[in-house]
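Engineer: Attaching a single structure in structure tokens format; questions to follow.
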Amino acid sequence: MRKYRLSTLMLPGVLVLAAGVSGVTLLTPGKTSSTSGPFHHALPALAAPVVTSTTLSTSAPSPAAQGTPITLTATVTPATAAGKVQFKDGSANLGAPVSVSNGTAAATVSTLTVGIHLLTAVFTPDNPAAYGPSTSPAVPFTISGPTSTSAVLSTSAASPVTQGTAVTLTATLTPTSAIGMVQFKDGSTNLGDPVAVDNGTASTTTSTLAVGSHQLTAVFTSTNAMLYGPSTSPAVPFTISGATATSTTLNASSTATPVVVGSTVTLTATVNPNTAAGTVQFRDGATNIGPAVAVSNGTAATTTTTLTAGSHQLTAVFTPTNATLYSPSTSSVVTFVISGATATATTLMATPTSPTVQGTETTLTATVTPNTAVGTVQFRDGDANLGPAVTLANGTATRTTSSLSPGTHNLTAVFTPTTVTSYGPSTSRAVRYVVNQRSLVAAGAAVVPGSPNPPVDPGRSPDPVPPPPPGQSPTSPRLGLPMVLTARLVPATATGTVQFLDDTTPVGTPVPVIDGTATLLTSTLFPNPHVVRAVFTPAPTTVNRVTPQSPSLTVIGVIGGTLVDQLTLALQHLVEGITRAQHP
């Protein structure tokens, strides 16, 4: 046994043991004692550090895919042990040591390579005198390679389709949890940009495939290559035929406001390209509207009045003449609403017929169909109203006017229904009506065609005659001024035409008889004696019988400024009125 010498230092109230080479000195309170020499007293043994134990657990079960984040948790017993834990993969450290807190320490790793790993947690105490170190049992953990994937490609339309047809390509990934992008390809050519996978699928639409055969594929690339492997779908053969794709648009319109039952609706289809030959079938839902219409310069049109009240879903279906050249197409649906009111139509008649002369009493008659329509008719001369509106009665309305000025008039009749939900409004076509200025037909005598002429008063002096032009006899007719010939038929109900004759020479063309009267304006009679005759030809439906009441014709002529006597004759199938006049 080695000997130590103790040196001593006495402090009051303190027992000090000092060790030296050759002895031991014991000091007690109140005394000073020194002893030298060998010390043979054994000191008490120091306390041993507390033994610890460490276990290791992982957040994910083995095996896990490469790149999977794995949390390693070390549990140190007792929990009061302070220190650090170094996680290890075999002999390799996994990151830096982690402090123990309440008996645990944790670290997350995602760098483990593919293969089998022996994971441990090594505890090193902060105070080795208080706690001992410990190492967990090794935990075998396997990292597998990325999950394999498979891709399948499908198309929205069956092959073949015509050029320009929109085709949707859809890639379906297995497993559906795979995250990444799909690049659709035509051979080695990309079809657009990559598309993100959503719930195992990705889609794109293309209409740019050229005529011919195509090998379509979908190539999947994982966002995390350590989790999912790439895959490529089997190629899908797809053929584009040479027919040019077409598109059809439909327009539905009506001039009626509002559009009611019976209104004319015009349907116009526009086919693009306009070189496409074929027909268009207009449809109301699944019902054809008339026969198919041939396309001309890219358009086809039809009209219909058969749409019932309510909403209609109208389409135009184009069928090509040669399906190898152009594809069929159908327009988008056009919604067209027909209100419940019944459509009407208005026609206008003016009598006497045009032309007439200023001051003539003109009767305007409007006829509205159906005759059950209730409302008023406003007669118009262009934009100007001809008096107030006239109430419709049994489908007709009438107005008489003598105020039309000389010139050409565009006469119309505008029907306005009392209730627009029952009947639609309508306007007649314009009637062109010519009014000539009142003029002297001879030496100062004024005659209005179609109006009654007063009987000749033998005692009445002739109207004053204005001075004639130089060189012309005062009793001669004025050359270049119209002369009015009026034929009156008795009875006035007889219908037909009257041909005026200058002796045997026709004067003008046959004139229709209206209300028993036929009138002709002429400036072809020269200042010579004339025999003016009128030949009445009955209409095919007119029956003329030889009786004392047979139709008779009276011709009134103005020649040389004097209204001549009237002469009436009755014949079997024609009636002639003869007026003789001779200049002095």
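The values are calculated or read from the model by the stated rules, or taken from the named source; none is laboratory data. Here the structure is a predicted model, which means the values were calculated and not measured. Cβ sites come from the backbone with ideal geometry, for glycine too, and all protein chains shown count toward neighbours.
Engineer: So, in the stretch 125-153, how many residues would count as being surrounded by fewer than 16 Cβ atoms within 10 Å (Cβ to Cβ) and in contact with a Gly (Cβ under 6 Å, 6 or more places away or on another chain)?
Structural biologist: Residues meeting the conditions: 2.
Engineer: List, please: which pairs have Cβ atoms under 8 Å, are six or more places apart or on different chains, and start with a residue in the stretch 93-119 that is closer than 20 Å to residue 147 by Cβ and at pLDDT 95 or above and end with one that is in a loop (DSSP other than H, G, I, E, B) and of a type outside the set (Val, Ile, Thr)?
Structural biologist: 109/69; 109/94; 109/95; 117/90
Engineer: Would you pick out the residues in the stretch 238-288 that are of a type outside the set (Val, Ile, Thr), in a strand (DSSP E or B), farther than 30 Å from residue 216 by Cβ and under 18 Å from the mean Cα position of the chain (by Cα)?
Structural biologist: Of everything in the stretch 238-288, those that are of a type outside the set (Val, Ile, Thr), in a strand (DSSP E or B), farther than 30 Å from residue 216 by Cβ and under 18 Å from the mean Cα position of the chain (by Cα) turn out to be 250, 251, 252, 253, 267, 269, 282, 283, 284.
Engineer: Could I ask something else about it? Got a number for residues in the stretch 503-517 being over 58 Å from the mean Cα position of the chain (by Cα) and buried (at least 17 other Cβ atoms within 10 Å of the Cβ)?
Structural biologist: Looking only at that region, the number is 2.
Engineer: Among the residues of the stretch 245-261, write down those that are β-branched (Val, Ile, Thr), within 30 Å of residue 277 (Cβ to Cβ) and surrounded by fewer than 18 Cβ atoms within 10 Å (Cβ to Cβ).
Structural biologist: Initial filter on the stretch 245-261 (β-branched (Val, Ile, Thr)): 246, 248-249, 255, 257, 259-261.
This time we only want the ones that are within 30 Å of residue 277 (Cβ to Cβ), so: 246, 248-249.
249, the sole residue that qualifies.
Engineer: Could you tell me how many of the residues in the stretch 87-105 are farther than 12 Å from residue 76 by Cβ and surrounded by 17 or more Cβ atoms within 10 Å (Cβ to Cβ)?
Structural biologist: Within the stretch 87-105, the subset farther than 12 Å from residue 76 by Cβ is 87-97.
From the residues that got through so far, the ones that are surrounded by 17 or more Cβ atoms within 10 Å (Cβ to Cβ) too are 87-89, 94.
Of the residues in that region, 4 qualify.
Engineer: Now for a different question. What number of residues within the stretch 378-409 are of a type in the set (Gly, Ala, Ser) and either in contact with a Cys (Cβ under 6 Å, 6 or more places away or on another chain) or assigned to a strand (DSSP E or B) (or both)?
Structural biologist: Applying the first criterion (of a type in the set (Gly, Ala, Ser)) to the stretch 378-409 yields 382, 384, 387, 389, 393, 395, 397, 402-403, 405, 407.
When the remaining residues are screened for being either in contact with a Cys (Cβ under 6 Å, 6 or more places away or on another chain) or assigned to a strand (DSSP E or B) (or both), the result is 384, 393, 397, 407.
Of the residues in the stretch 378-409, 4 are of a type in the set (Gly, Ala, Ser) and either in contact with a Cys (Cβ under 6 Å, 6 or more places away or on another chain) or assigned to a strand (DSSP E or B) (or both).
Engineer: Among the residues in the stretch 437-447, are any within 20 Å of residue 520 (Cβ to Cβ), out of contact with any Leu (no Cβ under 7 Å at 6 or more places or on another chain) and modelled with pLDDT of 80 or more?
Structural biologist: There is at least one residue in the stretch 437-447 that is within 20 Å of residue 520 (Cβ to Cβ), out of contact with any Leu (no Cβ under 7 Å at 6 or more places or on another chain) and modelled with pLDDT of 80 or more.
One line per residue, one yes/no per condition, for (1) on the phi > 0 side of the Ramachandran plot; (2) outside the structural domain of residue 101 (by TED's automatic domain parsing); (3) outside any loop (DSSP other than H, G, I, E, B):
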position	(1), (2), (3)
120	no, no, yes
123	no, no, yes
129	no, no, no
170	no, yes, yes
204	no, yes, yes
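Engineer: Which of the following residues is loosely packed, with under 15 Cβ neighbours inside 10 Å, under 30 Å from residue 280 (Cβ atoms) and without any contact (Cβ under 8 Å) to a residue 60 or more places away in the chain: 363, 335, 391, 372?
Structural biologist: 335
Engineer: Is it fair to say residue 166 is within 18 Å of residue 209 (Cα to Cα), out of contact with any Asp or Glu (no Cβ under 9 Å at 6 or more places or on another chain) and among the aliphatic types (A, V, I, L, M)?
Structural biologist: So residue 166 passes the test.
Engineer: All but one of (1) part of a strand (DSSP E or B); (2) under 28 Å from residue 243 (Cα atoms) hold for residue 365, so report the exception by its number.
Structural biologist: Every condition holds for residue 365 apart from (2).
Engineer: Consider residue 122 carefully, then state whether it is touching a residue at least 24 places away in the same chain (Cβ under 8 Å), under 20 Å from residue 214 (Cα atoms) and surrounded by fewer than 21 Cβ atoms within 10 Å (Cβ to Cβ). It would help to see each step written out before you state the result.
Structural biologist: Numbers: touching a residue at least 24 places away in the same chain (Cβ under 8 Å): yes; under 20 Å from residue 214 (Cα atoms): no; surrounded by fewer than 21 Cβ atoms within 10 Å (Cβ to Cβ): yes.
No.
Engineer: Next question. What number of residues within the stretch 131-185 are within 17 Å of residue 68 (Cα to Cα), over 39 Å from the mean Cα position of the chain (by Cα) and of a type in the set (Gly, Ala, Ser)?
Structural biologist: Final tally of qualifying residues: 5.
Engineer: Can you find a residue in the stretch 310-326 that is in contact with a Ser or Thr (Cβ under 7 Å, 6 or more places away or on another chain), at pLDDT 95 or above, crowded, with 18+ Cβ neighbours inside 10 Å and farther than 30 Å from residue 211 by Cα?
Structural biologist: Within the stretch 310-326, none of the residues are in contact with a Ser or Thr (Cβ under 7 Å, 6 or more places away or on another chain), at pLDDT 95 or above, crowded, with 18+ Cβ neighbours inside 10 Å and farther than 30 Å from residue 211 by Cα.
Engineer: Which members of the stretch 398-409 meet the condition of being at pLDDT 95 or above and surrounded by fewer than 16 Cβ atoms within 10 Å (Cβ to Cβ)?
Structural biologist: If the condition is that a residue be at pLDDT 95 or above and surrounded by fewer than 16 Cβ atoms within 10 Å (Cβ to Cβ), then 398, 400 are the ones that fit.
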